[in-house]
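Here's the structure we're looking at; comments come further down.
The values are calculated or read from the model by the stated rules, or taken from the named source; none is laboratory data. Computed from a prediction, not measured in an experiment: that's the story for all the values here. Cβ: placed from backbone, ideal geometry, glycine included. Neighbour counts: every protein chain shown.
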Amino acid sequence: MSITIKSAEDIEGMRVACRLASEVLDYITPHIKPGITTKEIDRLGAECMAQQGTISATVGYQPPGYPPYPASLCTSVNHVVCHGIPNDKPLKKGDIVNVDVTVITKDGWYGDNSRMFLIGECSIAAKRLSALTFEAMWHGIVQVKPGARLGDIGHAIQKFAEGHGFSVVREFCGHGIGQKFHEEPQVLHYGKPGTLEELVPGMVFTIEPMINAGRREVKEFGNDGWTIVTKDHSLSAQWEHTVLVTPTGYEVMTLSAGSPPLPSFVTATKT
Ligand code: MF3
Ligand code: CO
Ligand code: CO
């Protein structure tokens, strides 16, 4: 297998899927406050997808060696790094949660994105981790242009995150996406400039750094086969966009009315 290059028509299909994935996050946003359970967030996500006429890419998703994923989205709270399974525990003031949504449209296109949510008033450390992880993702995105390499993206993210005293999770990465959930290439969130695959117009992949406040090591939690936590129990944050390589730069595809404002060093969502 190799990296798929999307045609103009494919890109239209991806734009729709990605906008809808972002709109699922918009839909749940007003409900995410102290007292809501992650299962209720999952139900709201499923309700929105039903209204859209999309389906969740995660329900029943089963990569080799994994049990089928049991929910419509992922909810990763505090020291959960990724793949948290929605449950009946209410969120409380001071929690931080990543909600990760991947939809499939009727035409078979996948859109994948995630955002952090702060539950009520949070610690300065938690707010800082979420905000700087958002910036780290954007430092990766602005590297995207034909002729740049995947290592440029990883390096930009790693340098920024580690420069603020955080660490970058190595075990999970961004990925090509299209009519499959996870395609080539792997998009590492660490690395060396000028290394790895050269970017070509028409490539579409996610950038989704997982950044830990403490050490970078992670481990499986419990026995659900999915939940990943930080080994040292430190907080972890993640943001995710699906990005197209354009002839002149990048187009962030997973945008909608509720997308957060750009960091000050970013001039455009499309270059
Ligand atoms: N949406 C996640 C990603 O960004 C993958 C979640 S797989 C699941 O790649 F099965 F855990 F939902
Ligand atoms: Co992804
Ligand atoms: Co995702």
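Evaluate the following for E184: is it of a type in the set (D, E), surrounded by fewer than 20 Cβ atoms within 10 Å (Cβ to Cβ), under 19 Å from the mean Cα position of the chain (by Cα) and more than 30 Å from A125 (Cβ to Cβ)? I'd like the intermediate steps shown before the answer.
Values: of a type in the set (D, E): yes; surrounded by fewer than 20 Cβ atoms within 10 Å (Cβ to Cβ): yes; under 19 Å from the mean Cα position of the chain (by Cα): yes; more than 30 Å from A125 (Cβ to Cβ): yes.
In short, yes.
Of the residues I177, I228, I207, which is within 16 Å of ligand 1 (Cβ to nearest atom), touching a Ser or Thr at 6+ places or on another chain (Cβ under 7 Å) and of a type outside the set (S, T, N, Q)? Explain how you work it out, then say what you get.
Values: I228 fails: touching a Ser or Thr at 6+ places or on another chain (Cβ under 7 Å); I207 fails: touching a Ser or Thr at 6+ places or on another chain (Cβ under 7 Å).
That would be I177, the only listed residue that is within 16 Å of ligand 1 (Cβ to nearest atom), touching a Ser or Thr at 6+ places or on another chain (Cβ under 7 Å) and of a type outside the set (S, T, N, Q).
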Positions within region 70-103 being within 16 Å of ligand 2 (Cβ to nearest atom), of a type in the set (V, I, T) and either touching a His at 6+ places or on another chain (Cβ under 7 Å) or free of Cβ contacts under 8 Å to residues at least 60 places away in the same chain (or both), in sequence order: T75
Filter result for the condition that a residue is small (G, A, S) and either within 16 Å of ligand 2 (Cβ to nearest atom) or within 20 Å of the chain's Cα centre (by Cα) (or both), over A125, A131: A131
From T58, T38, residue being of a type in the set (V, I, T), under 22 Å from M253 (Cβ atoms) and either within 14 Å of ligand 3 (Cβ to nearest atom) or at pLDDT 95 or above (or both): T58
For S56: the one exception among (1) away from ligand 2 (no atom under 16 Å from the Cβ); (2) out of contact with any Asp or Glu (no Cβ under 8 Å at 6 or more places or on another chain): (1)
Filtered residue count, region 210-228, keeping only those that are more than 23 Å from L25 (Cβ to Cβ), in contact (Cβ under 8 Å) with a residue 40 or more places away in the chain and either within 14 Å of ligand 3 (Cβ to nearest atom) or assigned to a strand (DSSP E or B) (or both): 1
Subset of region 99-110 (residues that are within 10 Å of ligand 1 (Cβ to nearest atom) and either modelled with pLDDT under 95 or not aliphatic (A, V, I, L, M) (or both)): D100, T102, Y110
Qualifying residue in region 196-203 (condition: closer than 18 Å to G111 by Cβ, in contact (Cβ under 8 Å) with a residue 12 or more places away in the chain and charged (D, E, K, R)): no
Any pair with Cβ under 8 angstrom, 6 or more apart, that starts in region 11-37 at a residue that is on the phi > 0 side of the Ramachandran plot and ends at one that is not basic (K, R): G35/P90; G35/L91
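How about region 118-167: which of its residues are of a type in the set (F, W, Y) and either farther than 18 Å from E240 by Cα or away from ligand 1 (no atom under 16 Å from the Cβ) (or both)? Working first, answer last.
Of the residues in region 118-167, the ones of a type in the set (F, W, Y) are 134, 138, 160, 166.
Selection gives W138, F160, F166.
So, in region 80-89, how many residues would count as being part of a loop (DSSP other than H, G, I, E, B) and either crowded, with 21+ Cβ neighbours inside 10 Å or within 12 Å of ligand 1 (Cβ to nearest atom) (or both)?
4
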Candidates P201, P263, P247, filtered to the one that is surrounded by fewer than 18 Cβ atoms within 10 Å (Cβ to Cβ), in contact with a His (Cβ under 9 Å, 6 or more places away or on another chain) and at negative phi: P263
Qualifying residue in region 246-266 (condition: outside any strand (DSSP E or B), farther than 30 Å from I124 by Cβ and among the β-branched types (V, I, T)): yes
